[in-house]
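Structure first, then comments.
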Amino acid sequence: MQNIAAFILDLDGVITDTAEYHYLAWKRLADEEGVPFDREANEQLRGVSRRRSLELLLGEHLGRYTEEEILEMMDRKNGYYREMLKTITARDFLPGARALLDALKARGLKVAIGSASKNTMTVLERLGIADFFDAISDGYSVTKAKPAPDVFLFAADAMGALPEQCVVVEDAQSGVVAALAGGMIAVGVGPEERVGHAHFRYDTTADIDLDEILA
Ligand code: BG6
Ligand code: MG
């Protein structure tokens, strides 16, 4: 791909394994509420905003709850999640993630975060990379969540890059849709059935081949 100026990386599930913590926190809430929930159901929640995640988790049970109860459950899940974040250290990069960041910078590319999470800064601080990025676009930056392209367009704009000069790296189905909707190059991390609609797909972050993407 010619003329690539910047990479926009999703955080949860690409740089660190917080996708697992999100699952465990939702699972605890679902158990408390007596709502069935498992790893398979969790696949739909990848990359999805906190509120939409809860709506998907509750499914047909959603109508049982008042708005106040919904907000309380979002808070409760976030409390469980933030407890788990306290255990993250600079050792908790997914394999290949730290090397990918350094390789991108070494090639003179700009690098941003494009994440739906309102906990992005906490996670980046725990990993020790809060100052690494040229731009951070997170759950506070835009109102329209993935699969809308807004979170990535915000990042591109903050880096002074055009959408077509940007490569997005995503582990979520909704994130790949968002990148394509934004007119960006999409790199999917994960199985074909989840991210096979991306321009490039790799099984894990460690498998990402920059030479192939930038050729
Ligand atoms: C995304 C995660 O990065 O952020 C989702 O993939 C999560 O699982 C979403 O629901 C919102 O995160 P938070 O931290 O604001 O609840
Ligand atoms: Mg993700």
Ranking by accessible area, most exposed first, for Met184, Met121 with a 1.4 Å probe: Met121, Met184
Pairs of lysines in segment 1-119 (C-alpha under 26 Å apart; 8 or more residues apart or interchain): 8
For the chain, share of DSSP beta bridges that run antiparallel, in % to the nearest 5: 5 percent
Whole-Å semi-axes of the ellipsoid equivalent to segment 19-85 (Cα gyration tensor, √5λ, descending): 17, 14, 11
Potential lengthening between Met121 and Lys144 on full extension [0.36 nm per residue; Cα-Cα distance subtracted]: 6.4 nm
Surface accessible to a 1.4 Å probe, per residue, for the residues of segment 19-85, Å²: 55 Å²
In Å², nearest 10: area of Asp75 left accessible to a 1.4 Å probe: 110 Å²
Accessible surface of the chain [probe 1.4 Å, protein heavy atoms]: carbon and sulfur percent: 49 percent
Average accessible area per residue (Å²) across segment 116-160 - probe 1.4 Å, nucleic acids and ligands excluded: 46 Å²
Cut-off under 5 Å, modelled amide H: who pairs with Arg201 long-range: Gly188
Label-point separation in nm, Asp31 to Thr87, each point 7 Å along Cα→Cβ: 1.3 nm
Volume of the Cα convex hull of segment 78-137, divided per residue and given in Å³: 82 Å³
The chain: C-alpha gyration tensor shape, a/c 1.5 cut-off, then a/b vs b/c: prolate
Cα gyration tensor shape for segment 62-108, rounded if a/c is under 1.5, else prolate or oblate: prolate
In sequence order, calculated HN-Hα J values of segment 86-96 (Karplus, 6.51, -1.76, 1.60; Hz; x Gly/Pro): 4, 8, 6, 9, 5, 8, 9, 6, 5, x, x
Accessible heavy-atom area order of Thr18, Thr122, Thr143, highest first, probe of 1.4 Å: Thr143, Thr122, Thr18
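The values are calculated or read from the model by the stated rules, or taken from the named source; none is laboratory data. Please read all numbers here as calculations on a predicted model, not as lab measurements. No Cβ is skipped: glycine too gets one built from the backbone with ideal geometry, and neighbour counts run over all protein chains shown. Note: areas computed on protein heavy atoms with side chains; ligands, DNA, RNA excluded. Shrake-Rupley method; radii C 1.70, N 1.55, O 1.52, S 1.80 Å.
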